[in-house]
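I have a structure here, written as structure tokens, and I will follow up with some questions on it.
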């Protein structure tokens, strides 16, 4: 007599064994749930095998506002993307999949997003700004000051670059002199009286005129626009030696204004595309 139950169980085991041996094609990008005696219920995600991922999970980083806005044009989500401007860090960060806004307004009824996809605008100060800030408030010898003026002549708009290069050359020539005094002229500039100490010209005197201030055109951030900056001239006479320097007028405010102008570009783009813009 044939045991029907035994035959059924044998067939079922055979089907399971065959399923375990022969591969089965799965749809890429899907999540599958499985169960076995050892692990219980577990999942397998095939997103990595899909031609396109279900979502972006990256923090992209750019250094200029054009690239930042271009990235938002491509990936930004209306009503879901949040943008944070951080002046203290010189950064603007966008969280593409913040997901808890609607039409630019906070709405607690909408679940927050994963916050895994973002882009950061990391503004870099220009080489010229860093150079001027390094010399800001510092007194230097004639030769060092002259070399700096030569290197940064392109950023000086008043007096002209030609006049500043001529001044730099005069400072180089007047290295072997004793400076006697400095006096302010009617136009605000300062003139220094000196006496030659070189053997061939010892005893001969002359004057060296220095402008009271310089008008600069400095671009604070790479890829940005230049801003007008005033550098006020400073000097000291120490034992017949002339020390020269300058003080940048409110340079921190200039940097802040440059950041705010860039942030306003981003804010305008956010308003037009229904992205939430915040300042911290």
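The values are calculated or read from the model by the stated rules, or taken from the named source; none is laboratory data. For clarity, every value in this text was computed on a predicted model and none was experimentally measured. Quick reminder, even Gly has a Cβ in these numbers, built from the backbone with ideal geometry, and neighbours come from all protein chains shown.
Can you tell which of 246, 269 is touching a strand residue (DSSP E or B) at 6+ places or on another chain (Cβ under 8 Å) and either at pLDDT 90 or above or not in a helix (DSSP H, G or I) (or both)?
246
Considering segment 217-243 alone, what residues qualify as being outside any strand (DSSP E or B) and exposed (fewer than 14 other Cβ atoms within 10 Å of the Cβ)?
222, 225, 239, 240
From (1) surrounded by fewer than 19 Cβ atoms within 10 Å (Cβ to Cβ); (2) modelled with pLDDT under 95; (3) outside any loop (DSSP other than H, G, I, E, B), pick out the condition that doesn't hold for residue 261.
(2)
Does segment 7-17 include one or more residues that are touching a strand residue (DSSP E or B) at 6+ places or on another chain (Cβ under 6 Å), at pLDDT below 90 and exposed (fewer than 11 other Cβ atoms within 10 Å of the Cβ)?
No, segment 7-17 contains no residue that is touching a strand residue (DSSP E or B) at 6+ places or on another chain (Cβ under 6 Å), at pLDDT below 90 and exposed (fewer than 11 other Cβ atoms within 10 Å of the Cβ).
Of the residues that sit in segment 113-151 and are part of a loop (DSSP other than H, G, I, E, B) and closer than 28 Å to residue 259 by Cβ, which one is modelled with the lowest pLDDT?
For segment 113-151, the residue satisfying everything is 113.
Taking segment 57-75, which residues are within 14 Å of residue 268 (Cα to Cα), surrounded by 14 or more Cβ atoms within 10 Å (Cβ to Cβ) and over 16 Å from the mean Cα position of the chain (by Cα)?
Passing the criteria: only 72.
Taking segment 78-89 as the search range and keeping residues that are buried (at least 18 other Cβ atoms within 10 Å of the Cβ) and part of a loop (DSSP other than H, G, I, E, B), which one is farthest from the chain's Cα centre (by Cα)?
Residue satisfying both the conditions and the ranking: 79.
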